[in-house]
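Step one of this worksheet: look at the structure below.
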Amino acid sequence: MTGFGRGWSDDRQLWWSGGKPSDALALPLIHDDLVPGSYDVTLYPTTSHNYAQIEVTIDGQTQNVDLLTKHVLPGRSLHFKDVIIKPDVILDVIITILDRNESKNRYMVGIDRIELRPSKVKDGKL
């Protein structure tokens, strides 16, 4: 990713090509080193001229984003609040391709990184 400027984590991305509308990719988040509880999850997508419109679902929360930009760029982050991490339960990030952008016949998806941070304490509880 160094060839595309600054703003990338670890100079790489998860790149999904070859998908089509309604295809879904499940990314299991390994969280063995996290204390069970409530976390805020932030997903950082990549955008480009041939990237798709997608839906991202984490712990029942869903957000849609269009990954179309003229150049390869870091996209706007998606925030998921109060995601519950349980011991011995795999937390999946589900990415579903909704559609392509009208100028291209491709459905590519790029994910730069996913970050988890403990949710802020409310009323003395998580």
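The values are calculated or read from the model by the stated rules, or taken from the named source; none is laboratory data. From a predicted model like this one, the values you see are computed outputs, not experimental measurements. Heads up, the Cβs are rebuilt from the backbone with ideal geometry, glycines too, and the neighbour counts pull from every protein chain shown. Side chains included, ligands, DNA and RNA excluded: accessible areas come from the protein's heavy atoms. Shrake-Rupley method; radii C 1.70, N 1.55, O 1.52, S 1.80 Å.
Taking only Cα atoms and a 10 Å spring cutoff, compute GNM fluctuations for the chain and point out the largest among V56, V89, V41.
V89
In whole Hz and in residue order, list the ³J(HN,Hα) couplings for region 14-28 that follow from phi through the Karplus curve 6.51 cos²θ - 1.76 cosθ + 1.60, θ = phi - 60°; x for Gly and Pro.
Computed from phi, the couplings for region 14-28 are 7, 10, 10, 10, x, x, 9, x, 6, 5, 10, 10, 9, 9, x Hz.
How large is the accessible surface per residue of the chain, computed with a 1.4 Å probe and reported in Å² as a whole number?
For the chain, the solvent-accessible area averages 61 Å² per residue.
State whether region 49-108 is rounded, prolate or oblate according to the following rule on the C-alpha gyration tensor (a ≥ b ≥ c being the square roots of its eigenvalues): a/c under 1.5 gives rounded; otherwise a/b larger than b/c gives prolate, and the remaining case gives oblate.
prolate
How big is the C-alpha Rg of the chain next to the rule-of-thumb value 2.2 N^0.38 Å, as a ratio?
Its radius of gyration relative to the 2.2 N^0.38 Å reference: 1.12.
Which far-off residues, 5 or more places away or on another chain, put their amide H under 5 Å from the one on R113, with H placed in the peptide plane?
HN-HN under 5 Å from R113: Y44.
Would you mind getting me the FRET efficiency between D99 and T42? Use the beta-carbon distance for r and R0 = 25 Å, nearest 0.05.
0.55
Which whole-Hz ³J(HN,Hα) couplings does region 79-89 yield from phi under the Karplus relation 6.51 cos²θ - 1.76 cosθ + 1.60, θ = phi - 60°, glycine and proline marked x?
So the J values, rounded to whole Hz, are 10, 10, 8, 6, 7, 8, 9, 10, x, 6, 10.
If amide H atoms are built 1.01 Å from N in the plane of the peptide, which residues on other chains or at least 5 residues away come under 5 Å of the amide H of D82?
So D82 has HN proximity to Y39, D40, V41.
Multiply the residue gap between S22 and H71 by 0.36 nm, knock off their C-alpha separation, and tell me the result in nm, one decimal place.
15.1 nm
Say each of K120 and R106 gets a label point 7 Å from the Cα, pointing the same way as Cα to Cβ; how far apart are those two points in nm?
Simple spin-label model gives 4.0 nm for this pair.
In region 1-42, what percent of the accessible surface is made up of carbon and sulfur (1.4 Å probe, ligands and nucleic acids excluded)?
53
Let me see the pair-distance distribution of region 1-70: every alpha carbon pair, 10 Å bin width, integer percents in order.
In order of increasing distance, the bins hold 13, 45, 33, 9, 0 percent.
Taking K120 as the anchor, which aspartates and glutamates have their alpha carbon closer than 13 Å to its alpha carbon, excluding any fewer than eight residues away along the same chain?
Within the straight-line limit of under 13 Å, K120 reaches these aspartates and glutamates: D40, D82.
Taking every DSSP beta bridge that has both residues in the chain, what percent is antiparallel when rounded to the nearest 5?
Restricted to the chain, the bridges split so that about 95 percent are antiparallel.
Ordered by residue, what ³J(HN,Hα) values in Hz, to whole numbers, does region 54-68 give under the Karplus form 6.51 cos²θ - 1.76 cosθ + 1.60, where θ = phi - 60° and Gly and Pro are x?
Karplus-based 3J(HN,Hα) across region 54-68 equals 10, 10, 10, 10, 9, 6, x, 8, 10, 9, 9, 8, 9, 8, 7 Hz.
Might you report the magnitude of the Cβ-based charge dipole of the chain about its Cα centre, with Lys and Arg at +1 and Asp and Glu at -1, to the nearest 20 debye?
Here the size comes out at about 400 debye.
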